[in-house]
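Colleague: To start, I am sharing the structure in question, which I have written as structure tokens.
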Amino acid sequence: MGHGRAIDGYLRAINQAYGRGDATEHTHRPTLKALIEALDGKVTATNEPKRIACGAPDIVVSRRVRKLEQKWEYSGLRRFVFQ
């Protein structure tokens, strides 16, 4: 999806939710998450992530470089596998 279409879809969804008259801040977060991910295919937006040192963020945006999987060995050592 192009940036213009992504933004148009976001605005349309926000206007529809607002028009119903029962929208809150949380109503719009899934739409914002979808917009952020549509604008850059290499990022992941997480709605309501766990608390961090500075508080409880609404959305965290992370850049995906490669999939990283942590494997535990019986020896107690960890190894990381990139896919």
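Just so it is clear, none of the values below were taken in a lab; they were calculated from the coordinates. From a predicted model like this one, the values you see are computed outputs, not experimental measurements. With ideal geometry, Cβ positions are generated from the backbone for all residues, glycine too; neighbour counts draw on all protein chains shown.
Colleague: Once the other residues with Cβ under 15 Å from the Cβ of Glu48 are scored (Lys, Arg +1; Asp, Glu -1), what is the net sum?
Modeller: Working: positive: Arg29, Lys33, Lys50, Arg51; negative: Glu25, Asp58.
Charge balance near Glu48 sits at +2.
Colleague: While we're on this one: Quick check: residue separation of Asn15 and Ile52 times 0.36 nm, minus the Cα distance between them. What number comes out in nm? It would help to have the intermediate numbers written out before the result.
Modeller: Details: separation 37, 0.36 × 37 = 13.32 nm, distance 3.18 nm.
Length gained between Asn15 and Ile52: 10.1 nm.
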